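The values are calculated or read from the model by the stated rules, or taken from the named source; none is laboratory data. Model, not experiment: these values are computed from the prediction. With ideal geometry, Cβ positions are generated from the backbone for all residues, glycine too; neighbour counts draw on all protein chains shown. Keep in mind that these areas ignore ligands, DNA and RNA; they rest on the heavy atoms of the full protein, side chains included. Shrake-Rupley method; radii C 1.70, N 1.55, O 1.52, S 1.80 Å.
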Amino acid sequence: MLRIGALILSLLCSASALAADIRLWHSMNGARGAEFDRLVARFNASQKQFRVVATYKGAYDEAAVEAVTARGSKNFGRRAPHIVQASELGGAFLLDQKDVARPLWQVMAEAGAVLRAEAALGGAEELVDAEELVDAEGRLLALPLGSATPVLYYNRDAFRLAMLDPAKPPATWYDMVPTLAALVASGSDCALTMAWPASTLLENMAAWHNQAFATDRLMFNNRLAVRWVSTLATWQKSGYFTYSGRRGEAEARFIAGECALLAASSANYDELRRRAKFELGIAQFPYYDDFDGAPLNTLASGAAFWVMAGRPAAEYAGVARFLAFFARPEVQAEWHQRTGLVPLNAAAYEITRKAGFYKAHPGHEIAVRQLLVRGTPNWKSLRLGQFPKLRSIIDEELESTWQGGKSPIDALNHAVARGNAVLDNGR
C-alpha cells in the first residue's frame, strides 16, 4: 500500500502587484472551521500575491456537489471555486465526472513544485495515508486535510455505574461481552452502537485483521465477516448492540448519553470531548485476538482538498502555494493538535511527539498508532468504480440483517454479488 509520508514542496513566486483571489469551498464548521479560518488568515498575511477566500458550503459533501451541479449555471465561472473539500465518497464522485478535477501533482508540477510520497517514522514503521488519493505512479490526486480512523469511545460514568473499571476498556471483541452484559444489567438501553457501518464494520475490520476485502472485485464474505456480523446480530437480540443508522446518527445518541460505547471516527474526538456531559474515554478499536497478525492497521480516511478544473492558469500558482503552506510539518502539527485529525506527514507527528503533546493528551495518539503499519497488509484499498454505490449496497444488506430479514451469511453474499454486478456493468 502506498503511504504519504512527507510532502517536499518548493514553489515559484508570482510577481503580481495585486492579490488574486483563490476561492476554497469547504464543509468545516464549529471549532474545526474556526481553526481552518485561522490558518487561512495566517497564509494570507504571509504573502501579497494571493488571497484565499474560504467559504463554508454545508456539511458532508455539499461543497463538492454544488461545484459539479452548478458548473453550467449563469455567472458560475466568476465565482467557481479553485479548491473544494470532499470526503472519500465525494472524491470518488468528482473522479466520476469528466474534466471536473485536476490531479494535484499536475498543478504542483506546473507551479514549479515537487510532490512525492516517501516512507516516514524511521524505517520499519510508516504512517499510512488513504491510497485512493494516490495514482498508480504514486502521485497525489488531492491533498488530505488529515486522516481519521475508527476508534472506541466510551462513557466513563456509565462504566462506573456498571461497576466497570473506566481505566480498562475492552481491548478485544471477546472482552467486550462481559462489558456489554454489565452495562445492560446496570440499566443501559444502548450498550454499543456504531457509526458509518459499511466502513466501520467491514472495511476496517478486514484491514485490522489482515483479511481481504477486495481486489478488482469484492470478496469480503469470508470467515471473519460472517463471524463478526453474526455476533452483532446476536448482540442486537440481547440488547448489547443497537443499530443507529448509516451515517452519524450513532454519534448523536452517544453524545446524548443514550449509548455507553461508540465505534466511530477518531475525527470526532475533540467535538465529542467538548460536548459530552459525562467523562469521555477513548481507546483502540477492538479486534479478535485469534486471527494471525491481528491487529495490523485500520484504514486512514477523511476529506481532502481537490483542485477544480477550468480556472485561469496563473491562479493555479496560488492554489499550489496555499496547499504547500497547509502541508508544512509545523502547520500540520498545529492542525493535528487543535483538531484531533491525524497529520498527513510523519514530520508533524514527530514535532508533536517531541513537544510532549501526547503525554498531556494521550487520546490524540490512539488513531496515529492504529495507522502505523506493522507488517504487509492483505488489505487492498477500494480503487473501484462506483464506490458510493457499493457502500450503499453494503449498508442496505446489513440493514436486512438488523431487521431480521436475512441471515448474516446471506446478507454478505448478496452484498458481494450485487456489488460485483455493479462493477461488471460499469454503472
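Where both partners of a DSSP beta bridge lie in segment 146-293, what percent of those bridges are antiparallel, to the nearest 5? Of all bridge pairs located within segment 146-293, approximately 60 percent are antiparallel.
With runs of 4+ DSSP H residues as the only contributors, calculate the mean residue ellipticity of the chain at 222 nm using -39,500 (n - 2.57) per run, divided by the residue total and rounded to the nearest 500.
So the helix-based figure for the chain works out to -12000 deg cm²/dmol.
Beta bridges assigned by DSSP with both partners in the chain are antiparallel in approximately 60 percent of cases. Take every pair of alpha-carbon atoms less than 8 Å apart whose residues are at least six positions apart; their mean separation over the length of the chain yields a relative contact order of 25 percent. Taking the chain as a Gaussian network of alpha-carbon nodes connected by springs under 10 Å, the highest mean-square fluctuation of the residues 266, 400, 301 belongs to 400.
Compared with the alpha-carbon gap, the fully stretched path from residue 273 to residue 353 is longer by 26.7 nm at 0.36 nm per residue. Largest GNM mean-square fluctuation among 108, 308, 163, using the chain with Cα springs under 10 Å: 163. Between the helical axis of 408-425 and the dominant principal axis of the chain, each derived from Cα atoms, what acute angle in degrees is found, rounded to the nearest 10? Tilt of helix 408-425: around 30 degrees. Charge tally for residue 257 (other residues, Cβ to Cβ under 9 Å; Lys, Arg +1; Asp, Glu -1): 0. Contact order for segment 146-297, expressed relative to its length and based on alpha carbon pairs under 8 Å spaced 6+ residues apart, stands at 43 percent. Between residue 212 and residue 360, the contour length at 0.36 nm per residue exceeds the Cα-Cα span by 49.6 nm.
Against the chain, whose longest principal axis is taken from its Cα atoms, helix 316-327 shows a tilt of about 40°.
Maximal additional length on extending the residue 396-residue 417 stretch stands at 6.2 nm, based on 0.36 nm per residue less the C-alpha distance. The residues 216, 61, sorted by heavy-atom accessible surface at 1.4 Å with ligands and nucleic acids left out, run 216, 61 from largest to smallest.
Taken per residue, the accessible surface of the chain reaches 41 Å², heavy atoms only and a 1.4 Å probe. Within segment 193-211, which residues have the backbone N less than 15 Å from the label spot 7 Å out from residue 247 along Cα→beta-carbon, could you tell me? Answer for segment 193-211: 195-198. Across every pair of non-identical alpha carbons in the chain, the mean reciprocal distance, once inverted, gives a Kirkwood radius of 22.5 Å. Each residue, residue 314 and residue 106, gets one label point 7 Å from its Cα in the Cβ direction; the gap between the two is 2.2 nm. In this structure residue 174 has an accessible area near 100 Å², from a 1.4 Å probe over the protein heavy atoms. The candidates 22, 409, 366, arranged from most to least accessible area with a 1.4 Å probe in the full protein assembly, appear as 409, 366, 22. For segment 279-421, the Cα gyration tensor yields ellipsoid semi-axes of 34, 26, 14 Å (square root of five times each eigenvalue, largest first, whole Å). Rounded to the nearest 10 degrees, the inclination of helix 329-339 to the longest alpha-carbon principal axis of the chain is 40 degrees. Accessible surface for residue 46 stands near 80 Å², nearest 10, in the context of the full protein assembly shown (1.4 Å probe).
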